[in-house]
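Here's the structure we're looking at; comments come further down.
The values are calculated or read from the model by the stated rules, or taken from the named source; none is laboratory data. What you see is a predicted model, and the numbers here were worked out from it, not measured in a lab. Neighbour counts run over all protein chains shown; Cβ positions are idealised from the backbone, glycine included.
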Amino acid sequence: MLFNYTKTAEMYQIKEPRAIGEEVFAGKGNPVKSKKVKSNFNRKMNTEQGHWILAKMGKKVLRPGGKELTLKLIRNLNISSKDDIVEFAPGMGYTASLTLAKKPKSYTGIELNEEAAANLKKTIHSENRKIIVSSAANTTLKSKSVDKVYGEAMLTMQIDARKSEIIGEAYRILKPGGLYGIHELGLTPNDLPEKKKSALQRELAMEIKVNARPLTVAEWTDILEKEGFRILSLETNAMLLLEKKRMIEDEGIFRALKIAFNILTHPKERKRLLNMRKTFRKNQDHLNAVAIVAEKV
Ligand SMILES: C[S@@+](CC[C@H](N)C(=O)[O-])C[C@H]1O[C@@H](n2cnc3c(N)ncnc32)[C@H](O)[C@@H]1O
């Protein structure tokens, strides 16, 4: 029996059109084997992505720096009742609930996955609270219309060109002086050799079944600055997503126990999660989590 989350993994498919020529790791087999996207509407179903396996097991906190880094991000964004807020990729709605508890003037979630969005709409629907099913690269919102934008664990899974498009969209919709917060997977140290970086990205893509493309802290700040942002705060945390201690900190003891039970009773998912943890542990010295708040100047 699955705890709390009765929807199947099918509801969590990424349906975003991929960029023509974008490299997609081919899945099982040779890690260097890859194929190029020929059409810009690759909507292939994928029930295998690591974060949705975790969601299926009952996990709600699906970001690399855990609840601890999310709380720092939200604190640094200083959300108040005067703010029009946009969240990119609310996913399971964990951070949305923290934000809504601060009673912002308005909240808009931009979620690409139709079924995750439908689920969010069940609780987030009123005049000033809404979910838009769209890519964060194209929010459909007016320019200079919001005070604060944030997104977690969603830029990492985009190719660099699309990362810039999404950051550019945050810039476009923010009022001057508005804040943009991100919480993403990081690589360390800043001078990690390119060869090691791409080997690690390939290994993560193979295990999580998402084209994870983390950046170093220097690269995350750089990509934000290139789109016109000024960095206000930068926090890091260890990347311990699948470690027992972090699981309890993030989910609380009872949910953590139920997640453990679900994992134990689902051998296929268990195997995948153990492999993911093995990869994270193997690369622990080169992985971290980064939360940055930047200002539109
Ligand atoms: C790893 S989950 C993180 C969810 C949530 N932000 C969290 O930290 O728990 C990734 C989420 O990003 C969404 N997503 C991926 N690309 C997106 C895009 N271009 N625009 C909006 N949402 C996107 C996925 O549908 C999924 O909900």
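Annotations
- Count of residues meeting criterion [crowded, with 16+ Cβ neighbours inside 10 Å and farther than 24 Å from MET157 by Cα] in region 121-140: 2
- Check on SER198, more than 12 Å from the ligand (Cβ to nearest atom), free of Cβ contacts under 8 Å to residues at least 40 places away in the same chain, among the small types (Gly, Ala, Ser) and over 14 Å from GLY91 (Cβ atoms): yes
- Exclusive hit being surrounded by 14 or more Cβ atoms within 10 Å (Cβ to Cβ) and within 16 Å of GLY50 (Cβ to Cβ), set ILE248, ILE263: ILE263
- Taking every residue in region 240-267 that is in contact (Cβ under 8 Å) with a residue 24 or more places away in the chain and pairing it with any residue that is part of a loop (DSSP other than H, G, I, E, B) and small (Gly, Ala, Ser), at least 6 positions away or on another chain, the pairs with Cβ-Cβ distances below 7 Å are ARG255/GLY58; LYS258/GLY58; ILE259/GLY58; ASN262/GLY58.
- Selection of region 59-106 for residues being assigned to a loop (DSSP other than H, G, I, E, B) and near the ligand (Cβ under 10 Å from one of its atoms) yields LYS59, LYS60, VAL61, LEU62, ARG63, PRO64, GLY65, ALA89, PRO90, GLY91, MET92, GLY93.
- Residue in region 221-239 that is in a helix (DSSP H, G or I) and at pLDDT below 95 present: no
Residues checked against (1) under 25 Å from ILE159 (Cβ atoms); (2) crowded, with 18+ Cβ neighbours inside 10 Å; (3) of a type in the set (Val, Ile, Thr):
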position	(1), (2), (3)
GLU207	yes, yes, no
GLU225	yes, no, no
LEU240	no, yes, no
LYS244	no, no, no
ALA256	no, yes, no
LEU274	no, no, no
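- The one condition in (1) outside any loop (DSSP other than H, G, I, E, B); (2) buried (at least 20 other Cβ atoms within 10 Å of the Cβ) that ARG213 fails to fulfil: (1)
- Going through (1) part of a helix (DSSP H, G or I); (2) within 14 Å of ALA289 (Cβ to Cβ) one by one, ALA205 falls short only on (2).
- Residue, nearest to GLU68 (Cα to Cα), within region 113-147, restricted to residues that are assigned to a strand (DSSP E or B) and away from the ligand (no atom under 15 Å from the Cβ): ASP147
- Of all residues in region 162-189 being in a helix (DSSP H, G or I) and more than 12 Å from the ligand (Cβ to nearest atom), the one that is surrounded by the fewest Cβ atoms within 10 Å (Cβ to Cβ): GLY168
- Filtered residue count, region 172-209, keeping only those that are out of contact with any strand residue (DSSP E or B) (no Cβ under 8 Å at 6 or more places or on another chain) and within 26 Å of LEU141 (Cβ to Cβ): 1
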